[in-house]
2 protein chains.
Amino acid sequence: MKVVRLSSGISIRRTIAEGTEQQVTAVKAIIQEVREHGDQAMLRYTEKWDGAKLISLRVTDEEITQAVKRFDPQLAKDLTEAAENIRAYHESQQQKGYRLDSEDGSYVAQRVSPIESAGLYVPGGTAAYPSSVLMNVIPAQVAGVSRIVLISPPSQDGTLSDGVLVSAHILGITEVYKSGGAQAIAALAYGTESIAAVDKITGPGNIFVALAKREVNGDVAIDMIAGPSEIAIIADESAYADEVAADLLSQAEHDPLASAVLLTTSEKLADAVSKQVKQQLASLPREAIAGAAIANHSVIYLGKTIEELITAANQLAPEHLEIMTTDAEAVAERILHAGAIFIGRFSSEPIGDYFAGTNHVLPTNSTARFSSALAVYDFIKRTSIIRYSEKAWENNKEKIARLARLEGLEGHARAVESRSWKKETNK
Amino acid sequence: MKVVRLSSGISIRRTIAEGTEQQVTAVKAIIQEVREHGDQAMLRYTEKWDGAKLISLRVTDEEITQAVKRFDPQLAKDLTEAAENIRAYHESQQQKGYRLDSEDGSYVAQRVSPIESAGLYVPGGTAAYPSSVLMNVIPAQVAGVSRIVLISPPSQDGTLSDGVLVSAHILGITEVYKSGGAQAIAALAYGTESIAAVDKITGPGNIFVALAKREVNGDVAIDMIAGPSEIAIIADESAYADEVAADLLSQAEHDPLASAVLLTTSEKLADAVSKQVKQQLASLPREAIAGAAIANHSVIYLGKTIEELITAANQLAPEHLEIMTTDAEAVAERILHAGAIFIGRFSSEPIGDYFAGTNHVLPTNSTARFSSALAVYDFIKRTSIIRYSEKAWENNKEKIARLARLEGLEGHARAVESRSWKKETNK
């Protein structure tokens, strides 16, 4: 791995490019086709790109039943336990409304309610992750979303992976469709004959999915556009090089554009980790992917003090940050910007990906400065409520009219004043 | 006003177009210029488009002091009282973190912290609204954002409006810049010699501001892209036509693209409101703007039952919804989608724009289905924290490794398992 000494001048903030103009044009055309031709366009695209000739887009109950039957019961139990942990963590995110009453009989309030429908995109093929089903569906369920839909590209034989279907089954989701790419996002956003539109689309995907989500944003809500995975590890001489290397590789294996960064004060550890990465890489099934990520997007930064490492980590604002130092809790206290922080040697990052209960949908590309993990908050909306009494109106009407006129909005002033106009004739 | 009878088939959802390709290209070029040439580009654009030849972009303390001196003390008092109400409403939005401890010594937690810096864009000229300063700055302050910056286009004489400067002063904001349009957004997003970049940009603006916000989104956070103002009023025969008309016009006067909709069961009220709108319009200073909005984007919908009106209102999901019926509270309970609900005759919409305390930055274009008012939540971020104990790791490592292998992510499995590898040689 490349080793770079931290110095005050260098910027380690990360930005990853976002698709070519050709890709944007292609995505726009696909969305237009789906809006115009609905299911017929969906079936055509699914045959063209997924190689699957479907009769119906909807997964049948029978398909789900069969997937559950042939699925390894131990894995089903693991998924169920993971789902319980995730649900427990997200339950604490329930938001309440509030109401502030005044003595004059007026009140202002905030009402919290779930959005009505959400669609989760689940990537297909080798990236068909059951854990993504859990991480996207559970916050929506805890929020109280009444209609939750899954959509995922089928294999050539027209099926979805058992892991995805079983996860849906564990969570009680029955509305599942077979379709991928920009066309799936278009269907969720605008609806087709067989797929009713949703209010919010979440879930990861390739560049076409990301561009389509960006395109439909505003007509429906979307979650963040997730970039390639990132991990940064702050480690001192107390850390074990093989563990640091293994954790770096766990994120590197996601994507050739993934980034694995070690921030350390120890040259000895830096050397040992470099060697371990090389050695462990050789036997990794996804060696080519992880190797590219390590070669092109990964660095070991050497700092003189832990202080310097903390500053660098805050600048990087990584998706995942592990802290493997003697005083890991104290270091974690001083991290301002990270999607998720993993404290201590036994908090290996995949624990958060699958099991601990926190959400694995996290801000990438240094956006943890202002973004957060997917959460229950993403599936609710808040409505402001104002009830003014006659007395409150009487007490405040002049102030409000003055403020409106200060802004040159005479119509606003008159609206407030209209309550005292003569009423004989105008009902 | 146009009168339309509600029927099950019609769609009353609203969408407004988003800028031409030429405008998008122009905005991209401006952003590029500011990124390359910084202050020099800012000064050049400010001379070109605002007609102001500036030496410095920053408003001086002296300018603020002078504005405060010459400002009407009664209006300053009104603004201060409005600010207090807004602060009181937003204080209830403070979010807390939480931590869930397990018996095995592990924990998961959510930490809530403010974003570090926010920039508020304030439109200039006739649309330089002091109330916008209050509505954008106060949630950021309640969230605990440490650096809050205002930016607003100057008049030809190089000054900002007293109302804006006094509002900044009331809130204790001292970092104020003179610049407008796409260049102001670019400066906030990427920084120049005299303006340090911020993490989040909020505030309304014209189409160039909106397009620029869309363009920089991701590099920094942005609030929603607000469309033209909207009001819908549900009213029965108990409502006063002059008040309904005045409230409709209060939103119509914002923008020729604004929308004012009456939903009523009473033909008599519909007729009377139509007449009142026409009559009141004639004496409105912003008659041309309000008249265009009424003619082109406003409708009276007649329904047979209140039921039908509620269904239509939920489909419209308006920015502002007034309810002027005999059972206004009961109707409000059944509204699922609206930015803000104003209950009863004395809750005229401008009360919310200026004074009640709720935020006037609200979702438009039917996005209240999934979006909410600007709030403290928009200025915080959440960090997930995972601390696994050795025991927790021991108890769960096999499950986690199995789930990783189910997804074909061997590197993830090995990372979790690496804690039990032999340690002799690799530190």
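The values are calculated or read from the model by the stated rules, or taken from the named source; none is laboratory data. All values reported here derive from a predicted model rather than from experimental measurement. Cβ atoms come from the backbone with ideal geometry, glycine included; neighbour counts cover every protein chain shown. SASA here: full protein model, heavy atoms, side chains in, ligands and nucleic acids out. Shrake-Rupley method; radii C 1.70, N 1.55, O 1.52, S 1.80 Å.
Relative to the dominant Cα principal axis of chain A, helix A:306-316 is inclined by about 60°. Within a straight-line Cα-Cα reach of under 19 Å, residue B:275 can be paired with the following lysines, leaving aside sequence neighbours fewer than 8 residues apart in one chain: A:422, A:423, A:427, B:2. Once Rg and the Kirkwood radius are both taken over the C-alpha atoms of segment A:377-427, their ratio Rg/Rh works out to 1.15.
Note on residue B:48: lysines with a C-alpha under 17 Å away, same-chain residues under 8 apart excluded, are B:178. What the Cβ-Cβ distance of residue A:28 and residue A:69 gives, at R0 = 45 Å and to the nearest 0.05, is a FRET efficiency of 0.60. Spatial offset of segment A:305-324 relative to segment A:26-58 amounts to 44 Å, using the alpha carbon center of each. Across segment B:128-175, counting alpha-carbon atoms alone, Rg and Dmax equal 10.9, 35 Å. Label-point spacing for residue B:88 across the identical copies (point 7 Å from Cα in the Cβ direction), in nm and ascending order: 4.2. Between residue A:194 and residue A:394, the simple spin-label model (points 7 angstrom out along Cα→Cβ) gives 6.5 nm. Taking beta carbons within 10 Å but only from partner chains, what does the mean come to for residues A:394-403? For this peptide, the per-residue mean of nearby foreign Cβ atoms is 6. On a per residue basis, the convex hull of the C-alpha atoms belonging to the protein assembly as shown measures out at 161 Å³.
Between the Cα long axis of helix A:73-91 and the first principal axis of chain A there is an angle of about 50°, rounded to the nearest 10.
Placing a label point 7 Å from the Cα of residue A:80 along the Cα-to-Cβ direction, the residues of segment B:371-402 with a backbone N closer than 16 Å are B:399. What do you get for the angle between helix A:130-143 and the principal long axis of chain A? Use alpha-carbon atoms, 0 to 90 degrees, nearest ten. The two axes meet at around 20 degrees.
Cut-off 10 angstrom, C-alpha nodes, Gaussian network model of chain A. Which of A:261, A:331, A:164 fluctuates the most? Most flexible of the set in this elastic network: A:331.
Distance distribution note for segment A:165-232: the fraction of Cα pairs above 13 angstrom is 66%. The translational diffusion coefficient of segment B:285-356, from Stokes-Einstein at 25 °C and 0.890 mPa s with a Kirkwood hydrodynamic radius over alpha carbon pairs, comes to 181 µm²/s.
Couplings for segment B:364-370, taken from phi via the Karplus curve 6.51 cos²θ - 1.76 cosθ + 1.60 with θ = phi - 60°, read 10, 6, 6, 7, 5, 4, 9 Hz in order; Gly and Pro are left as x. Mean projected area of the convex hull spanned by the Cα atoms of segment A:1-130, taken over all viewing directions: 19.3 nm². For segment B:138-261, take the convex hull of the Cα atoms, compute a quarter of its surface area, and give me that in nm², please. The number I arrive at for segment B:138-261 is 10.4 nm². Diffusion coefficient of chain A by Stokes-Einstein, Kirkwood radius over Cα pairs, 20 °C, 1.002 mPa s: 88 µm²/s. If you plug the beta carbon distance of residue B:56 and residue A:305 into 1/(1 + (r/R0)^6) with R0 = 35 Å, you get a FRET efficiency near 0.40. Sorting A:193, B:230 on solvent-accessible area from highest to lowest, probe radius 1.4 Å, gives A:193, B:230.
In this structure, the residue pairs whose Cα-Cα separation is over 24 Å, taken from A:381/B:200; A:304/B:391; A:77/A:213, are A:304/B:391; A:77/A:213. Distance to the B-onto-A rotation axis is smallest for one chain B Cβ; residue and value in angstrom are B:377, 3. Rounded to the nearest whole Hz, the Karplus-based 3J(HN,Hα) values (6.51 cos²θ - 1.76 cosθ + 1.60, θ = phi - 60°) of segment A:232-243 follow the sequence 10, 10, 8, 9, 10, 5, 7, 7, 8, 4, 5, 6, with x at glycine and proline. Relative to the compact-globule estimate of 2.2 N^0.38 Å, the Cα radius of gyration of segment B:215-285 comes out at 1.46. Estimated from the Cβ-Cβ distance and a Förster radius of 25 angstrom, the FRET efficiency linking residue A:159 and residue A:292 is about 0.25.
Extension gain for the segment residue A:257 to residue A:44, taken as residue separation times 0.36 nm less the Cα-Cα distance, is 73.6 nm to one decimal.
Beta-bridge orientation, chain B: approximately 25 percent antiparallel, per DSSP, counting only bridges with both partners inside. The label-point distance for residue A:271 and residue A:238, in a model that sets each label 7 Å from Cα toward Cβ, rounds to 2.3 nm.
Gap in Å between the Cα centre of segment A:352-389 and the Cα centre of segment A:192-226? So the two Cα centres are separated by 17 Å. The alpha carbon radius of gyration of segment A:227-370, expressed as a multiple of 2.2 N^0.38 Å, is 0.94.
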